[in-house]
Amino acid sequence: MKNVELINNLFIRTYDSQLNGHTHGYHQVLIPLMGDINMIIGAQNIKVSYGEALVIKKGIYHQFHAREDFRFLVANIENIDFLQLPLSEIHFAMDEKSLLYIAFIEKQLISAHNQKIEGMMFELLKELLGTIKMSKRLDTRLTAVIHTLKNNIATNHTVKSLAEIACLSESQFKVLFKKHLGCTPNAYITDLRMQAALGLILNTDTPIAIVAERCGYDNVSAFIRRFSSFYHQTPHKLRCNNQNMKQPTIS
């Protein structure tokens, strides 16, 4: 019989160094908050580290061990149809917004108990996990590259500088990057910059010249051309349209 209190809830767990195993009557998403865990599921040996998540399907026997000072967020879930992943893919990379959110969840769970807030956190975590479309984890040589790009979008990155971070030749790096991310490094950088620019245009009143600078464009005209090509509207027009939509109507 299922313990209803365990289902559709979030917990922080620690494990020990001894190999243990069990099954449960609900799906589980395990997300390292610090450190990593070694899992054995069927014939698979899987190491799940910070920045990744693992889906443990209900009824599947699994074994696990980890250092006792490592912490993990565990979500017990009745239904995992919301995950945009192939049925065969259970081990995947988290995205940046989801990692930032689980840091907030950790703070909330260890500081107070509020059933209503925790229920809302659970539902939002499901929504965020449901937006992750990457079907496989990044090659570890690309992890530091992506971290560098996301945290320094204004920097003038080159294929050479990024290849050095990955400890690869430029040709090897371009092939590996395209294989895992489906685009060239320059296209990926442009996409990151445009996403950041869109957030600043829609959600702040930061001057467009400053938005351009923060997103790696020294020339404002070049930024506007790129933005307009990407979103089919100029930054100014998009901001004005968004502000008009948010204006309350008076009846």
So, taking all protein chains as they sit and a 1.4 Å probe, how much accessible area belongs to Ser221, in Å² rounded to tens? 70
Taking a ≥ b ≥ c as the square roots of the eigenvalues of the Cα gyration tensor, with a/c under 1.5 meaning rounded and otherwise prolate when a/b exceeds b/c and oblate if not, region 41-103 is oblate
Can you give the accessible area per residue of the chain, in Å², using a 1.4 Å probe? 58
Order of exposure, largest accessible area first, which applies to His113, His27, His22, His62 with probe 1.4 Å: His113, His22, His27, His62
Rank these residues by their accessible area, most exposed first, probe 1.4 Å: Thr190, Thr14. Thr14, Thr190
At 7 Å along the Cα-to-beta-carbon direction for both Glu170 and Asn241, put a label point, then send me their distance in nm to one decimal. 3.9
Residues with amide H under 5 Å from that of Asn9, placed H, sequence gap 5 or more: Asn76
Taking square-rooted eigenvalues a ≥ b ≥ c of the alpha carbon gyration tensor, is region 136-187 rounded, prolate or oblate, where a/c under 1.5 means rounded and, failing that, a/b exceeding b/c means prolate? rounded
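Tyr231: net charge of surrounding residues, Cβ under 14 Å, Lys/Arg +1, Asp/Glu -1, itself excluded?
+4
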Val55 accessible area, nearest 10 Å², 1.4 Å probe? 10
Per 0.36 nm of contour for each residue apart, how much would the distance between Thr155 and Ile110 grow if the chain were fully extended, relative to their Cα-Cα spacing? 12.5 nm
What are the residues whose amide H is under 5 Å from the amide H of Glu52, where those residues sit 5 or more places off or on another chain and H is modelled from the backbone? Met94
At R0 = 30 Å, how high is the FRET efficiency between Asn203 and Ala103 if r is their beta carbon distance? Nearest 0.05 is fine. 0.90
Which value, in Å² rounded to 10, gives the accessible area of Phe82 with a 1.4 Å probe and all protein chains present? 40
Carbon-plus-sulfur fraction of the accessible area of the chain, 1.4 Å probe, in percent? 53
Strictly greater than 21 Å: what percent of every Cα pair in the chain meets that? 67
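Starting from the Cα gyration tensor of region 6-46, multiply each eigenvalue by 5, take the square root, and state the resulting semi-axes largest first in whole Å. Please list the in-between numbers first.
Working: eigenvalues 64, 46, 21 Å².
Ellipsoid semi-axes (Å, largest first): 18, 15, 10.
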Cleavage-rule hits (trypsin sites (Lys or Arg not before Pro)) in region 1-66: DSSP loop, at most 12 neighbouring Cβ within 10 angstrom: Lys2
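The values are calculated or read from the model by the stated rules, or taken from the named source; none is laboratory data. Keep in mind that this is a model prediction, so the values were computed, not measured. Glycine also receives a Cβ, built like all others from the backbone with ideal geometry; neighbour counts cover every protein chain displayed. Just so you know, the surface numbers come from the protein's heavy atoms only, side chains and all, with ligands and any DNA or RNA stripped out. Shrake-Rupley method; radii C 1.70, N 1.55, O 1.52, S 1.80 Å.
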